[in-house]
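Taking it in order: structure first as structure tokens, then the write-up.
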Amino acid sequence: MQTKILLPESEMPTHWYNIMADMPNKPAPYLGPDGNPVPPEAMLGIFPEALVMQEMSAERWIPIPEPVREVLRLWRPSPLYRAHRLEAALKTPAKIYYKNEAVSPAGSHKPNTAVAQAFYNKQAGIKRLTTETGAGQWGCSLALAGQMFGLEVRVYMVKVSYEQKPYRRSLMQTWGAEVFASPTDMTEAGRQILKLHPDSQGSLGIAISEAVEEAAGRKDTNYALGSVLNHVLLHQTIIGEEARKQLNLVDDYPDMVFASCGGGSNFGGIAFPFFADKAAGSNVRLVAVEPSSCPTLTKGVYTYDFGDAVGHTPLMKMYTLGHDFMPPGIHAGGLRYHGDSALVSQLYNEGLIEAMSVPQLETFEAGVLFARTEGILPAPESNHAIAAVVREAKACAASGEPKTLLFNLSGHGHFDMTSYDRYFSGELENFDYPEEAIKESLQHLPKVG
Ligand SMILES: *Cc1c(COP(=O)(O)O)cnc(C)c1O
């Protein structure tokens with residue numbers, strides 16, 4: 001009875017899979033404030049040319065540079081597990097597999113793109129990177145990647161997380177990054193916010209504005225984003241490519257693939273390489289799982305909206321809850337982004353992938369069951385995928401169907417114990433679909449053209 005399915009380093013993928021080659025319709029272009037498509041040159045102020053090219057590319061396979069592969073080999077290929085003990089606890093005839101991305105040094109899938117982004121920036125002669133981070137997963141990943149390629153990294157960390165998650169901050173500092181509680185008085189955006197709200201606790205949108213402003217104002221500095229953009233999803237496809245090879249080793253193939261979905265890089269990472277099979281006739285179902293308190297795909301509208309709260313980014317066609325939507329404070333499980341990747345949004349709109357939402361208590365219940373059977377304590381974000389798999393496995397137990405289910409364990413939860421504490425002490429509640437807040441926020445959608 002095999003538990004871990006391992007690939008040798010020599011089998012690590014050499015190319016990323018670009019889903020744009022297999023989409024029946026080209027993704028809608030990013031638009032500027034005038035309603036016209038944003039030219040690639042407009043992005044060169046804050047991104048290196050190689051990444052801008054990847055953002056637009058329609059090539060099916062894009063080579064992974066050797067220096068990137070060398071760093072990824074520190075933890076890749078990541079193991080695929082058969083969850084025998086979880087299956088037994090659920091008394092299900094379903095076979096459950098999970099890809100374990102918690103084995104990266106930063107503890108999640110995010111370094112897969114951080115390493116690639118740091119490499120291309122270094123190659124372009126850039127000396128410094130700026131970014132934002134909420135809970136700290138992305139800031140840690142970029143700090144690690146900056147260290148690997150000798151780039152300075154400055155992280156604007158949402159103030160409330162800076163204060164509540166000191167160990168994520170220490171981890172970023174260990175890897176040499178500078179970390180500031182956002183809003184700061186170092187940028188125009190930060191100063192403006194502080195003038196209006198001296199006690200501001202910060203938000204991802206504000207931190208993005210600060211990081212972008214700094215990168216746009218300095219020639220030696222670029223900006224890096226941890227999800228949403230096409231090139232970020234591209235770099236994550238190594239997850240699904242490896243999983244496909246590993247399932248092949250045990251002569252298996254999934255009926256359904258599940259991943260938690262915030263901005264879409266985790267879902268795209270594991271699911272897109274299976275979309276290639278789907279485009280070629282396979283019946284595999286790809287399911288994005290989101291929190292019912294931030295239900296972007298399942299309750300949002302498909303339209304052009306800003307990527308940040310302040311309205312500095314180009315307009316992207318995506319499922320959105322409105323760029324100033326704030327998820328309820330009671331929500332503990334991450335995945336708080338108001339929108340979703342343009343690629344994921346378009347696939348969902350065309351009925352090529354599925355989406356579902358799960359309430360908070362069910363996600364923690366599933367995460368604790370997973371820790372008690374498989375041993376690994378999952379990140380609260382990952383718990384969303386686990387909850388969806390548990391639901392499906394229970395349905396298989398009822399129907400007797402022996403489906404093969406695959407999900408991405410996107411990270412471990414060792415830095416998220418405050419959220420687990422709140423769950424164990426009964427402080428967390430289900431907070432369903434905040435209909436009024438979404439309605440209000442959707443009134444502020446930008447007019448296009
Ligand atoms: C960021 C993160 C996610 C969500 O990734 P998106 O690209 O925003 O969908 C899921 N799990 C973990 C552990 C993460 O850190």
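Derivation of every value follows stated rules applied to the coordinates shown; laboratory data play no part. This structure is a prediction, so every number in the text was calculated from the model and none was measured. As a convention, Cβ positions derive from the backbone with ideal geometry for all residues, glycine included, and neighbour counts pool all protein chains shown.
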- In degrees, nearest 10, the alpha-carbon axis of helix 360-374 is tilted away from the dominant principal axis of the alpha carbons of the chain by 60
- Message: Under the rule a/c < 1.5 gives rounded, and otherwise a/b versus b/c splits prolate from oblate, where does the stretch 113-225 land using the Cα gyration tensor?
- Response: oblate
- Message: Quick one: 3J(HN,Hα) in Hz for the stretch 174-187, Karplus 6.51/-1.76/1.60 with θ = phi - 60°, rounded, Gly and Pro as x.
- Response: 4, 8, x, 7, 8, 10, 10, 6, 9, x, 9, 9, 8, 10
- Expressed as an acute angle from 0 to 90° and rounded to the nearest 10, what is the orientation of the C-alpha long axis of helix 238-249 relative to the principal long axis of the chain? 10
- Query: Once the Cβ-Cβ distance between E9 and N349 is put in as r, and R0 is 41 Å, what FRET efficiency do you end up with, to the nearest 0.05?
  - Reply: 0.60
- Message: Cβ neighbours within 10 Å, averaged per peptide: list 430-437, 91-98 in order, most packed at the top.
- Response: 91-98, 430-437
- Task: Mind giving me the nanometre distance, one decimal, between the label points for E49 and H414, set 7 Å out from Cα along Cα→Cβ?
- Result: 4.2
- Amide H of S182: which non-local residues (sequence gap of 5 or more, or other chain) have their own amide H closer than 5 Å, using H built in the peptide plane? M157, V158, K159
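Where does the chain land at 222 nm, in deg cm²/dmol rounded to the nearest 500, when only DSSP H runs of n ≥ 4 count, each adding -39500 (n - 2.57), divided by all residues?
Helices in the chain give a 222 nm mean residue ellipticity of -12000 deg cm²/dmol.
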- Message: For a quick check, take a GNM of the chain with Cα springs below 10 Å and name the residue from Q137, Q360, Q147 with the largest mean-square fluctuation.
- Response: Q147
- Under a 10 Å cutoff between Cα atoms, tell me which one of L44, L297, L151 has the largest fluctuation in the Gaussian network model of the chain. L44
- Alpha-carbon centroid distance for the pair the stretch 403-449 / the stretch 120-147, whole angstrom: 25
- Estimated D of the chain in µm² per second, where Rh is the Kirkwood radius over Cα pairs and Stokes-Einstein applies at 20 °C, 1.002 mPa s: 98
- May I ask you to derive the relative contact order of the stretch 113-225, considering only C-alpha pairs under 8 Å and at least 6 residues apart, and to give it as an integer percent? 32
- Item | Residue-span extension gain [K394 to R191] - 0.36 nm each, minus C-alpha spacing | 67.9 nm
- Item | Global geometry of the stretch 399-449, whether rounded, prolate or oblate, following the gyration tensor of its Cα atoms and the 1.5 cut on a/c | oblate
- Restricting attention to the stretch 1-87, which trypsin sites (Lys or Arg not before Pro) occupy a DSSP loop and are surrounded by at most 15 other Cβ atoms within 10 Å? R60, R73
- Cα long-axis angle, helix 137-149 against the chain (0 to 90 degrees, to the nearest 10): 80
- Shape call for the stretch 305-439, from the Cα gyration tensor axes a ≥ b ≥ c (a/c under 1.5 means rounded, otherwise prolate when a/b beats b/c, else oblate), comes out oblate
- Task: Describe numerically, in nm with one decimal, the distance between label points set 7 Å from Cα along Cα→Cβ at E429 and at A21.
- Result: 5.1
